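The values are calculated or read from the model by the stated rules, or taken from the named source; none is laboratory data. Computed from a predicted model, the values in this text were never measured in an experiment. Counting neighbours? That spans all protein chains shown, and the Cβs are built from the backbone with ideal geometry, glycine included. To get the accessible areas, we keep the full protein, side chains included, count just its heavy atoms, and leave off ligands, DNA and RNA. Shrake-Rupley method; radii C 1.70, N 1.55, O 1.52, S 1.80 Å.
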Amino acid sequence: MDGATETFYSVIRRQGITRRSFHKFCSLMATSLGLGPLAASCIAGALETKPRVPVIWLHGLECTCCSESFIRSAHPLVKDAMLSMISLDYDDTIMAAAGHQAEAILEETRAKYRGQYVLAVEGNPPLNEDGMFCIDGGKPFIEKLRSTAEDCMAVIAWGSCASWGCVQAAKPNPTQATPIDKVITNKPIIKVPGCPPIAEVMTGVVTFITTFGKLPELDRLGRPKMFYSQRIHDKCYRRSHFDAGQFVEEWDDESARKGYCLYKMGCKGPTTYNACSAVRWNGGVSFPIQSGHGCFGCSEDGFWDKGSFYDRLTTIKQFGIEENADQIGMAAAGVVGLAVTAHAAVTAAKRLTRKRAGAAQEK
């Protein structure tokens, strides 16, 4: 049987996985994707009947951190995603073939699965000097990207390099490194930003496409809402300290030892949309803020050109429950006093108006 036409279920059954374990896997995936209670049966049905999705994975200007993250996925394991759920037919970083043999596999996959394969892109194309700053297979990467995108079903832009340009596009950007969506304009593009993205976010996107045969719901910037609809700040375990006005003032001070909020140390959690504080990294073990370092917003566009990672760049107002309790109490009392005064003034004005109207009627 052709590897790409096999279903996920047939592959894992051949590997000795029981049906019970298969349904546990489907339930886990439904939970990790934040789907409803009926989604597990939908995932099971799709993985039992639908053929694996062919994937071509290209590499432009990047550091391969997205691949490094992807292969560390725990839910699902990357071996399940790559060997069972999808058919990764071309990835010049991890495939055994090289040179002309690898390029032949690429052309064969394009021809065999025209209009059916997903193009995953890690990194971005430089446009200056006709693309000569990134050569792949003996020609500029931009040419390879455009030709491969012609026959794909959709494009996944892995990481901030492909999504926004990242550090390669930092000012003055001498190579003219350019995000994927500025080059490929006639195909649906899923942006999965991050430097790198969380492993389970990457495999979760693949799982969704495999299961439902369509792209996940995207926000206005092209990011999957299931992972990028909330700020890191919204589910951060240090949020209570932010609301209480308890902040780290200097690295390794007493407040840092107590785990207070890192906002004043430059944390960009209040303005960064990602799943770090919910999904976390390394199989859910931790994320940068939990490790004592503020978020520097690596999944947001232009983070590399917005000054020091340790500058407080936002103007978020906190409640200050603990630090400013007296002031807040006085302010609240002042607001109430103003409200009472205003109410009295309005009441007096209404009475005066009624008296004048009554006097006018008597005349």
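The protection proxy used here, the mean number of other Cβ atoms lying within 10 Å of each residue, ranks peptides 235-248, 261-274 as follows, highest first: 261-274, 235-248. Among the listed pairs LYS171/LYS306; LYS50/LYS144; LYS139/LYS306; LYS235/LYS258; LYS214/LYS235; LYS144/LYS214, those whose Cα-Cα separation exceeds 22 Å are LYS50/LYS144; LYS139/LYS306; LYS214/LYS235; LYS144/LYS214. Entry note: segment 167-315 has Rg to Rh equal to 1.01, where both radii use alpha-carbon atoms and Rh is the Kirkwood radius. A cut-off under 13 angstrom between Cβ atoms defines the neighbours of ALA46, and their net charge, with Lys, Arg +1 and Asp, Glu -1, is +2. Evaluated at q = 0.17, 0.20 Å⁻¹, a Debye calculation over the C-alpha positions of segment 76-212 (equal weights, vacuum) places log10 I(q)/I(0) at -1.01, -1.37. Comparing Cα centroids, segment 178-219 and segment 84-137 end up 17 angstrom apart.
A straight Cα-to-Cα reach below 20 Å connects LYS264 with the aspartates and glutamates ASP234, ASP243, GLU249, GLU250, ASP252, ASP253, GLU254, GLU300, ASP305, ASP311, GLU322, GLU323, residues fewer than 8 places away in its own chain not being considered.
Here each label is just a point 7 Å from Cα along the line to Cβ, and for ALA97 and ASN173 those points are 3.5 nm apart.
Under a crude label model (7 Å from the Cα following the beta-carbon direction), how far is SER229 from ARG114 in nanometres? Between SER229 and ARG114, the simple spin-label model gives 3.8 nm. Computed over protein heavy atoms with a 1.4 angstrom probe, the accessible surface ordering of THR31, THR207, largest first, is THR31, THR207. Computed over every Cα-Cα pair of segment 213-291 and binned at 10 Å starting from 0, the pair-distance distribution P(r) comes out as 18, 43, 27, 9, 3, 0 percent. Residue by residue, segment 39-50 carries 3J(HN,Hα) couplings of 5, 4, 5, 5, 5, 4, x, 5, 6, 7, 10, 8 Hz when phi is fed to the Karplus relation 6.51 cos²θ - 1.76 cosθ + 1.60 (θ = phi - 60°); x denotes Gly or Pro. Across q = 0.14, 0.20, 0.30 Å⁻¹, segment 95-138 modelled as identical point scatterers on its alpha-carbon atoms has Debye log10 I(q)/I(0) values of -0.47, -0.87, -1.04, in the order of the q list. Only Cα sites of segment 117-179 enter the Debye sum here, all with the same form factor; the resulting log10 I(q)/I(0) across q = 0.17, 0.18, 0.19 1/Å is -0.56, -0.62, -0.69, listed in q order.
Restricting everything to alpha-carbon atoms, can you work out Rg to Rh for segment 149-232 with a Kirkwood hydrodynamic radius? Intermediate values should be presented prior to the final figure.
Numbers: Rg = 13.2 Å, Rh = 13.5 Å.
Looking at segment 149-232, the ratio lands at 0.98.
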